[in-house]
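Student: Below you will find the structure I want to go over with you.
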Amino acid sequence: MTEADEPVTEVPGPAHRAAAPPLTERQRERRGRILHATAQLACRGGFEAVQMREVAESSQVALGTLYRYFPSKVHLLVATMHDQLERLHGTLRKSPPTGETAADRVAQTLMRAFGALQREPRLAEAMARALTFADRSVSPEVDQVSRQTTAIILDAMGGLRNPTPEQLSAVRVVEHTWLSTLITWLAGRTSLAQVQVDIETVCRLIDLTEAGTAGSRAGEAGSGEAGSGEAGTGGEAARL
C-alpha cells in the first residue's frame with residue numbers, strides 16, 4: 001500500500017524547490033525511503049532500471065508524491081549521489097586518511113570514494129549519467145553534490161574552515177578530475193591504475209596552494225618586520 005498524495009497542484013520548479021521550507025521528520029523519512037529504493041533499483045539494473053513508477057512502488061509512496069520531491073529521474077539520481085557521498089563522508093570521518101601531506105590525504109580519500117563506487121558499478125554509472133544529463137533545472141541537486149564533494153576534500157586537507165581562494169580553486173580542479181576519471185573508468189576507457197595516477201597527480205595542486213599560502217604569509221611577516229625596522233631607524237635618526 002502506498003501513501004496518499006501530498007496536497008500539491010503542480011510539480012514545483014527549481015526556484016520554488018530551492019526556497020522550500022525544511023522537511024519535517026516524516027518527510028525526511030519518506031525522502032530517505034525514496035533514495036534507498038532508487039539506489040537499489042540502480043544497483044540491479046543501472047540507469048534504465050530507475051523508472052519513476054517503480055521507485056514510487058518500491059518506496060511505498062504515491063507517484064504524485066514522488067514527483068513533488070523529484071520532478072524527474074535525473075533529479076532523483078543526482079540526489080541519490082549526494083546521499084551516497086554524505087554517507088561516505090560519515091564513514092571517512094570515523095576513519096580519516098593518514099597521509100603525510102594534504103595531497104596524500106586527499107588522494108587517499110578520493111580513491112576510497114572511488115572504491116566504494118566501484119563496488120556498485122551500475123549505481124555509479126546511473127548517478128554519473130544523471131550528472132552528465134543534468135540541465136539548469138537540476139542545479140540545486142548538482143550544487144549539493146559539489147558542496148558535499150568539496151566538504152570531503154576540505155576535511156581530508158585537515159578540516160579547513162576558511163580556505164583561501166587559491167585552495168578552493170584547486171579543490172574545484174580536483175573535484176572535476178575525480179568526476180571525469182569516474183566517467184571514463186565506467187565507460188571502460190581507462191584502467192583503475194591510470195585513475196589513481198591521475199588523481200594523485202591533480203592532488204599535487206593542493207600542496208602547491210598550501211606552499212604558496214605559506215610563502216605569502218612569510219612574505220607579509222617579513223615586510224612587517226622590515227617596516228618596523230625602518231620605523232625604528234627613522235626614530236633613531238630623529239633623536240640624533
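Student: Indicate the gyration tensor shape class of segment 124-205 (rounded, prolate or oblate), computed on the Cα atoms with a ≥ b ≥ c the square roots of the eigenvalues: a/c under 1.5 is rounded; otherwise a/b larger than b/c is prolate and the rest oblate. Display every interim value, and only then the final one.
Tutor: Working: a/c = 2.40, a/b = 1.15, b/c = 2.09.
Oblate.
Student: Please report the carbon-and-sulfur percent of the accessible area for segment 161-215; probe 1.4 Å, protein heavy atoms only, DNA, RNA and ligands left out.
Tutor: The computed percentage sits at 57.
Student: With every protein chain kept in place and ligands, DNA and RNA left out, what is the accessible area per residue of segment 39-194? Probe 1.4 Å, answer in Å². Numbers along the way, then the final one.
Tutor: Details: 7450 Å² over 156 residues.
Averaged over the residues of segment 39-194, the accessible area is 48 Å².
Student: Would you give the gap between the C-alpha center of segment 142-190 and the C-alpha center of segment 42-101, rounded to a whole Å?
Tutor: 19
Student: Ok, one more. Return the FRET efficiency for the residue pair GLN27, VAL173: r is the Cβ-Cβ distance, R0 is 51 Å, and the value is rounded to the nearest 0.05.
Tutor: The pair GLN27/VAL173 has a calculated efficiency of 0.90.
Student: Another one. Put a dot 7 Å past each Cα toward the Cβ at ARG93 and THR132; how far apart are the dots in nm?
Tutor: 3.3
Student: If you don't mind, there's one more thing I want to ask. Evaluate the distance, in nm, between pseudo-label points positioned 7 Å from the Cα of ALA187 and of GLN118 along their respective Cα→Cβ axes.
Tutor: 2.0
Student: At a 1.4 Å probe, what is the % contribution of carbon and sulfur to the accessible area of segment 20-133?
Tutor: Working: 2710 of 5530 Å².
Reported share for carbon and sulfur atoms: 49 percent.
The values are calculated or read from the model by the stated rules, or taken from the named source; none is laboratory data. Keep in mind it's a predicted model, so treat the numbers as computed, not measured. Note: ideal-geometry Cβ built from the backbone for every residue, glycine included; neighbour counts use all protein chains shown. Please note that ligands, DNA and RNA were not included when accessible areas were found on the heavy atoms of the full protein model with its side chains. Shrake-Rupley method; radii C 1.70, N 1.55, O 1.52, S 1.80 Å.
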